[in-house]
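Notes follow the structure.
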Amino acid sequence: MVLLTRDPDPEESNTRYAQGGIVSRGPDDNAESLVADILAAGAGASSPQAARLLAEEGPRLVEEVLVRVAGVEFDRAPEGGLAWGTEAAHSHRRILHVGDTTGRAIAAALMAQVRACPNVRLVTQATAIDLITFPHHNRDPLAAYRPISCHGAYAFDRRERTVHRYLAAATILATGGLGRIYRNTTNAPGARGDGLAMAHRAGARIGNAEYVQFHPTALAAPGAEGFLISEAVRGEGGRLLSPDGRPFMEEHAPEWKDLAPRDIVARAIVLEMETHGYSHVMLDLASSMSPEAIRARFPSIYQRCLQAGFDLSHEPVPVVPAAHYFCGGVLVDEWGRSSVQNLYAIGEVSCTGLHGANRLASTSLLEGLVWGTRAAQHLEDGFLRGEIDRPPPAEAIPRWDETGLVAEPDPTLIQGDMQTIQSLMWNYVGLVRSPEGLSRAIRELRHLLNEIETFYRATKLSDGLIGLRNAVEAALIVAEAARHNRQSRGCHYRRDATQAEGDRLI
Ligand SMILES: Cc1cc2nc3c(=O)[nH]c(=O)nc-3n(C[C@H](O)[C@H](O)[C@H](O)COP(=O)(O)OP(=O)(O)OC[C@H]3O[C@@H](n4cnc5c(N)ncnc54)[C@H](O)[C@@H]3O)c2cc1C
């Protein structure tokens, strides 16, 4: 088994930056209640089957895989039991955490398990470029009449600057989200939509791509842009204030106030910023929690704010919304199988249907755990039953063709184009969308896609160039889905549409 990852550090990922925690089953809680909360957050577009699967299987897997096998030590209450947290739109305390660095603890524990597996080869600094699929990469012309199937990937070795073929009986995409196609984002540098674009080029079905969740509260301090101030801060009593100290969430969401679902909070902040010309709003925790409790519950958020010049334990901190989570992705079934044979997608790159039009906080880590385990189970069963073919012979797959790739990749050009994509997405395919803005974004992104494709066909590969090509394709997928869906729902909000029935209004 080969595990490829583009960064030198295999733990570098969105998983590592998850703060709030992972949903499980708290005291007095039950699966029905979690299903109801997921469906309510998903604004009528979440798959009830997916929600049930997560709510029923998830808590057992947290215990079996994360606690017993990987040894993750979730925080405990002073009396010794697990410390259950809450976040926006959860009706029970059911979130497990490790301080405010839950993702770091989970990523480190799982990676230690991977390293201890003798049958797993971990290859770092290997950026997957494209999936190897039939009929696209098959020399046999009759392959055109068979269903599309995946047989591995071409990957760029960043150290040697060469391309290797990795042939596989089954391929699992776990490349994460696409926050980096937006100007403001909480996401890690690798979240450029690589897996989404690769699967799209291979012909896989994509779903719910218009639903990009924006986190309401990223730090708005120079040098610390995009640093996430967890929703758990509002869960513990934090309140949003205008820069002159006026609490405003009650006006926008009287029922939930500061604990409203994140799309509502994020749009309320944008509305406040647009109406009053604010560059940011403030988040105040110091008025509702003691300095000692803040430092104990949110040590890394406290430290990061302090480095940026703000003492969270004594004063409000400046925040803005930022692109945070991709609810759509490569459509998969309950085993993580995509519409392409032998291709699975797990985690944020996938669309299991769980999140619908909006994600309930802290459900994505658990989604990765549940569907990851299910995909592994499905593959194991398939191998045992002899239902999965061996990888194709190397002679059947062409080597990577580098003919004509003569130009050196120009980092300035790559960065410039990336910034153009990020601005287009932020301005026209962001929190509030309009038909004119979406059309404009699509026109410009199509032009850019052609330019980048021409440049890509003549330039030696680099990780940045691969990411740029994927980012523009991912951006177009999102923009086109947003233009196609004329109904505001969940985190897809159009100025020209009425809100979908049953969805919340702000
Ligand atoms: C700041 C922040 C806080 C969050 N907090 C929470 C939380 O509290 N609870 C929760 O449930 N969720 C949270 N989320 C969401 C959650 O962390 C992610 O949805 C989840 O971790 C995604 O996991 P993943 O394995 O799909 O992707 P990732 O963890 O992002 O991993 C993807 C990996 O693929 C690599 N990769 C990408 N492209 C390529 C390529 N072409 N070739 C090779 N490798 C590639 C990346 O470098 C990365 O290592 C948070 C997200 C962020 C950004």
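Test of understanding: ordering His200, His151 by Cβ neighbours within 10 Å, fewest first, what list do you get?
In order of increasing Cβ crowding within 10 Å: His200, His151.
In what sequence do Ile466, Ile129 fall when counting other Cβ within 10 Å, fewest first? Don't skip to the answer; put the middle values down first.
Details: Ile466 24, Ile129 20.
So the ranking, lowest neighbour count to highest, is Ile129, Ile466.
What are the trypsin sites (Lys or Arg not before Pro) within region 336-445 that DSSP puts in a loop, where the Cβ has at most 13 other Cβ atoms within 10 Å?
Arg385, Arg399
Tell me the net charge near Val432. Cut-off is 9 Å between Cβ atoms, Val432 excluded, with +1 for each Lys or Arg and -1 for each Asp or Glu.
Here the count lands on +3.
Give, in nm to one decimal, the length gained when the segment between Asn427 and Asp311 is fully stretched (0.36 nm per residue of separation minus the Cα-Cα distance).
Extending this stretch completely gives an extra 38.6 nm.
Treating the beta-carbon of each Lys and Arg as +1 and of each Asp and Glu as -1, no other charges, what is the dipole magnitude of the chain about its Cα centre, to the nearest 20 debye?
Numbers: 51 positive and 62 negative charges, 183 e Å.
In debye, rounded to 20, the chain gives about 880.
Given the options Leu61, Asn119, Gly85, identify the residue whose Cα lies farthest towards the positive end of the charge dipole of region 24-160 (+1 on Cβ of Lys, Arg; -1 on Cβ of Asp, Glu).
Asn119
Compute the distance in nm between two label points, each set 7 Å from the Cα along the Cα-to-Cβ direction, one at Asn119 and one at Glu380.
Placing both labels 7 Å beyond Cα along the Cβ direction yields 1.0 nm.
If you bin the C-alpha pair distances of region 60-196 every 10 Å from 0, what whole percents do you get?
Histogramming region 60-196 at 10 Å steps yields 9, 24, 30, 22, 11, 3, 0 percent.
Net charge near Thr352, counting Lys/Arg +1 and Asp/Glu -1 over other residues with Cβ under 9 Å of its Cβ?
Net of charged neighbours comes to -3.
Hey, got a sec? Which chymotrypsin sites (Phe, Trp or Tyr not before Pro) in region 411-487 land in a DSSP loop and have at most 11 other Cβ atoms within 10 Å?
none
With a/c under 1.5 counting as rounded, go ahead and sort region 379-444 into rounded, prolate or oblate using the C-alpha gyration tensor (a ≥ b ≥ c being the square roots of the eigenvalues; past the cut-off, prolate if a/b is larger than b/c, else oblate).
Numbers: a/c = 3.77, a/b = 1.62, b/c = 2.33.
Taking the square roots of the gyration eigenvalues as a ≥ b ≥ c, region 379-444 is oblate.
Going by amide H atoms built from the backbone, whose H comes under 5 Å of the H on Ser462, apart from near neighbours?
Here nothing satisfies the definition.
Set the Förster radius R0 to 25 Å, insert the Cβ-Cβ distance between Asp410 and Glu225 as r into 1/(1 + (r/R0)^6), and round the FRET efficiency to 0.05.
0.50
What ranking of Ile181, Ile477, Ile95 emerges when the number of other C-beta atoms within 10 Å of each C-beta is taken as an exposure proxy, fewest first?
Ile477, Ile95, Ile181
Filter the chain for me: DSSP H helices, axial length by Cα at least 24 angstrom, mean Kyte-Doolittle hydropathy not below -1.0. List them by residue number. Walk me through the intermediate numbers first.
Working: long enough: 364-384 (30 Å, 0.20); 411-428 (25 Å, -0.19); 435-458 (35 Å, -0.54); 463-484 (31 Å, 0.57).
The answer, listed by residue number, is 364-384, 411-428, 435-458, 463-484.
What value, in deg cm²/dmol to 500, does the helix sum -39500 (n - 2.57) over DSSP H runs of n ≥ 4 give at 222 nm once divided by the residues of the chain?
About -11000 deg cm²/dmol.
Hey, how many Å between the Cα centroid of region 392-471 and the Cα centroid of region 167-190?
15 Å
Taking 45 Å as R0, compute the FRET efficiency from the Cβ-Cβ separation of Gln487 and Ala394 and round it to 0.05.
Values: r = 49 Å, r/R0 = 1.08.
For R0 = 45 Å, the calculated efficiency reads 0.40.
Report the net charge of residues surrounding Gly237, where surrounding means a beta-carbon distance below 12 angstrom and charges are Lys +1, Arg +1, Asp -1, Glu -1. Write out the running numbers ahead of the final one.
On the way: positive: Arg234, Arg239, Lys257, Arg297; negative: Glu236, Asp258, Asp284.
Around Gly237, the charge tally is +1.
Residue by residue through region 74-87, which ³J(HN,Hα) values in whole Hz follow from phi under the Karplus form 6.51 cos²θ - 1.76 cosθ + 1.60 (θ = phi - 60°), with glycine and proline marked x?
6, 4, 10, 6, x, 7, x, x, 5, 8, 8, x, 9, 9
What FRET efficiency, computed as 1/(1 + (r/R0)^6) with R0 = 22 Å and r the Cβ-Cβ distance, is obtained for Glu402 and Glu451, rounded to the nearest 0.05? Numbers along the way, then the final one.
Numbers: r = 21 Å, r/R0 = 0.95.
For Glu402 and Glu451, the calculated efficiency is 0.60.
Just to be sure I follow the definition: excluding the sites themselves, where is the longest run in the chain that has none of the GluC sites (Glu not before Pro) in a DSSP loop with at most 13 other Cβ atoms within 10 Å?
For GluC sites (Glu not before Pro) (loop position, at most 13 other Cβ atoms within 10 Å), the longest site-free span of the chain is 256-386.
Count the DSSP beta bridges whose two residues both fall in the chain, then state the antiparallel fraction as a percent rounded to the nearest 5.
Approximately 75 percent, going by the DSSP bridge assignments.
Read the figures in this text as sums done on the coordinates, not as results from a lab. The structure presented is a predicted model; accordingly, all values stated were derived computationally and were not measured. Glycine gets a Cβ as well: all are built from the backbone with ideal geometry, and neighbour counts include every protein chain shown.
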